[in-house]
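Contents: one structure, followed by commentary.
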Amino acid sequence: METKEYDTVKQRVFLICKEASDVNQPLFIDAEESWIQPAIDALADENMAKFNKEKAIVYNTFQLYRKDRLTFLKQTIANAKANGFKVGAKLVRGAYMEKERARAIEKNYPSPIQDTKEDSDIDYNLALEECVKNLDMMGLCAGTHNEKSSLYLVELMHKYAISSSDKRIYFSQLLGMSDHISYNLTLSNYNVAKYVPYGPVKEVLPYLMRRAQENTSVKGQTGRELSLIIKEKERRSKLK
Ligand SMILES: Cc1cc2nc3c(=O)[nH]c(=O)nc-3n(C[C@H](O)[C@H](O)[C@H](O)COP(=O)(O)OP(=O)(O)OC[C@H]3O[C@@H](n4cnc5c(N)ncnc54)[C@H](O)[C@@H]3O)c2cc1C
């Protein structure tokens, strides 16, 4: 029964990837919890091999808050090199940290999540460099609201002499979040995709709640954006 259902999923994902390929539009496959991810990785790998011959159409998502994902990214690149296709990589830090840690404790296995935020940041930036270094056989999308990582990618593009508008590199932020990053990058000629959560309300709302919750944490984006707004208000009040 499960095999039959998986075959149906496989066929549907194939049809979506084929359509993306026919209309020449990149397709991002999101990453989920670590216990679901192997099936998603298998589907992504299979379709990358089929549809990414000329350029990256199908993108898998790599969550760098996981200890094993930098290695997995390198393996994916090596496999693509050996088999003659391009890798599509959306890099994110990862959205299910608490759930992952709670499950690891409950089921008594080592947590797959990095020990600290700094460790996630380090691997995220190393992954950016890995992709930029291998850009001849990649498409990269940096899905992040983090200013430092966004700036670091800009620096890497300078370092490796890649034009700001090179179509193989996209920055991406959610619609309504981190507009200061999206707008400033766009103004400087970088490619930016605004991610629009779309679907049934009962599924989209929990997704947005998760983003809002992580963004209100001490080190989160809302705090950073709020301090920028306060700074700008002060600057403007001095102009009066
Ligand atoms: C365009 C786009 C697409 C996305 N797609 C996906 C997806 O497919 N799958 C998915 O899981 N998420 C996805 N996300 C969400 C993403 O994984 C992050 O949760 C979110 O963007 C916040 O991380 P940040 O890089 O913006 O920056 P920051 O605000 O600097 O980082 C916050 C993140 O750091 C990590 N972190 C925080 N504290 C710790 C700690 N103590 N130890 C270890 N790590 C820590 C967590 O991942 C946390 O979400 C997407 C985000 C964007 C913008």
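Just so you know, all these numbers are worked out from the coordinates, no wet-lab data involved. Everything numeric here is computed off the predicted structure, so don't read it as measured data. Here the Cβ positions follow ideal geometry from the backbone for every residue, glycine too, while neighbour counts run over all protein chains shown.
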Notebook entry, point to check: In nm, what is the difference between 0.36 nm times the number of residues separating K53 and Y109 and their Cα-Cα distance?
Noted result: 16.3 nm
Check: Going by how many other Cβ atoms sit within 10 Å of their own, how do L27, L128 line up, fewest first?
Finding: L27, L128
Check: Which entries in K55/K133; K10/K50; K4/K90 show an alpha-carbon gap greater than 18 Å?
Finding: K4/K90
Margin query: I'd like the antiparallel share, as a percent to the nearest 5, of DSSP beta bridges with both residues in the chain.
Written below: 5 percent
Note to self: Restricting to DSSP H runs of at least four residues, report the calculated mean residue ellipticity at 222 nm for the chain, -39500 (n - 2.57) per run over all residues, nearest 500 deg cm²/dmol.
What the structure shows: -18500 deg cm²/dmol
Next item on the list: Please state, rounded to one decimal and in Å, the Kirkwood hydrodynamic radius that the chain gives when every pair of distinct Cα atoms enters the mean of 1/r.
Entry: 19.2 Å
Checklist line | Loop-located GluC sites (Glu not before Pro) in the stretch 1-104 whose Cβ has at most 13 other Cβ within 10 Å (DSSP) | finding: E54
Next item on the list: Give the distance, in whole Å, between the Cα centre of the stretch 27-105 and the Cα centre of the stretch 146-209.
Entry: 18 Å
Check: What spacing in nm lies between the two simple spin-label points modelled at E234 and H180, each 7 Å away from Cα in the Cβ direction?
Finding: 1.2 nm
Next item on the list: Restrict the search to the stretch 80-175; then list the trypsin sites (Lys or Arg not before Pro) that DSSP places in a loop and that have at most 13 other Cβ atoms within 10 Å of their Cβ.
Entry: K167
Check: By how many nm would the segment from R224 to A193 lengthen if fully extended, with 0.36 nm per residue of separation less the alpha-carbon distance?
Finding: 9.1 nm
Check: Longest segment of the chain with no chymotrypsin sites (Phe, Trp or Tyr not before Pro) in a DSSP loop having at most 13 other Cβ atoms within 10 Å?
Finding: 36-159
